[in-house]
Amino acid sequence: LAKLVLDEGWSFWLALLGIDLFGVWWNLLPVSGLASLEAASMEWPGRLLDLGKHLALPVGILVIGELAPLSRYVRSSMLEVLGQDYIRTARAKGLPERVVLYKHALRNALLPLITILGLSIPALIGGSVILESIFAIPGMGRLFFDSVIARDYPAIMATVVLGAIL
């Protein structure tokens, strides 16, 4: 638990900052739960919009935390691909730079990123325990944590198996 708190300390701080700015000061987003009190009386588009408002802050914080390492990885992969012979050949054929970058280089530079994204899904579930607790969202990370505390072995095994499948 201590390692999780140390690794996810930025998300705790960012969540509190987001709640303070977007929920308290600017009153733009709700700060807890998955639905408003009046969500049951809304039509489905209103409920969907309400759910989006409730999830905007936690999802935004999770994305910001993963964005920096992924953008560094894309940059280094793109620089490596731009030095390849087929990029030089595409430029020599007279293709526009936009076509060379997006059709040839970016397409090949994103292949390793897809692998990294697939491997980061379990880390996102594990790292969401803190955010789920702060925003009072009933999620898988919180379920796992509560199951460990309550020694609910079937729930622990189910979440571990689901994390392994992901």
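Check whether at least one residue in the range 133-142 is in contact with a Lys or Arg (Cβ under 8 Å, 6 or more places away or on another chain), small (Gly, Ala, Ser) and either farther than 23 Å from Pro69 by Cα or surrounded by 13 or more Cβ atoms within 10 Å (Cβ to Cβ) (or both), and report yes or no.
Going residue by residue through the range 133-142, those that are in contact with a Lys or Arg (Cβ under 8 Å, 6 or more places away or on another chain) are 133.
Narrowing further to those that are small (Gly, Ala, Ser): 133.
Keeping just the survivors that are either farther than 23 Å from Pro69 by Cα or surrounded by 13 or more Cβ atoms within 10 Å (Cβ to Cβ) (or both) gives 133.
Scanning the range 133-142, I find at least one residue that is in contact with a Lys or Arg (Cβ under 8 Å, 6 or more places away or on another chain), small (Gly, Ala, Ser) and either farther than 23 Å from Pro69 by Cα or surrounded by 13 or more Cβ atoms within 10 Å (Cβ to Cβ) (or both), so the answer is yes.
Cβ-Cβ distance below 8 Å, separation of 6 or more or different chains: which pairs start in the range 83-112 with a residue that is in contact (Cβ under 8 Å) with a residue 60 or more places away in the chain and end on one that is among the basic types (Lys, Arg) and in a helix (DSSP H, G or I)?
Short answer, once both residue conditions are applied: none.
Kindly indicate whether any position in the range 111-128 is among the aliphatic types (A, V, I, L, M) and either more than 15 Å from the chain's Cα centre (by Cα) or outside any helix (DSSP H, G or I) (or both). Reasoning before the result, please.
If we filter the range 111-128 for residues that are among the aliphatic types (A, V, I, L, M), which is where we start, we get 111, 113-114, 116-117, 119, 121, 123-125.
Of the ones still in play, those that are also either more than 15 Å from the chain's Cα centre (by Cα) or outside any helix (DSSP H, G or I) (or both) are 111.
Yes, that holds for at least one residue.
Test Ala109 against the criterion of being of a type in the set (A, V, I, L, M, F, W, C), closer than 26 Å to Ile61 by Cβ and touching a Ser or Thr at 6+ places or on another chain (Cβ under 7 Å), and give yes or no. Talk me through it step by step, then tell me what you get.
Details: of a type in the set (A, V, I, L, M, F, W, C): yes; closer than 26 Å to Ile61 by Cβ: no; touching a Ser or Thr at 6+ places or on another chain (Cβ under 7 Å): yes.
Spelling it out, it is not the case that Ala109 is of a type in the set (A, V, I, L, M, F, W, C), closer than 26 Å to Ile61 by Cβ and touching a Ser or Thr at 6+ places or on another chain (Cβ under 7 Å).
Taking into account only those residues within the range 76-119 that are touching a Leu at 6+ places or on another chain (Cβ under 8 Å) and closer than 15 Å to Glu66 by Cβ, which is most open to solvent (accessible area, probe 1.4 Å)?
Taking the candidates together, the pick is Leu117.
The values are calculated or read from the model by the stated rules, or taken from the named source; none is laboratory data. If you're wondering where the values come from, they're calculated on a predicted model, not measured in any experiment. Neighbour counts are summed over all protein chains in view; Cβ atoms, including those assigned to glycine, are modelled from backbone coordinates with ideal geometry. The protein model used for the area step is the full one, side chains on, heavy atoms only, and it has no ligands, DNA or RNA in it. Shrake-Rupley method; radii C 1.70, N 1.55, O 1.52, S 1.80 Å.
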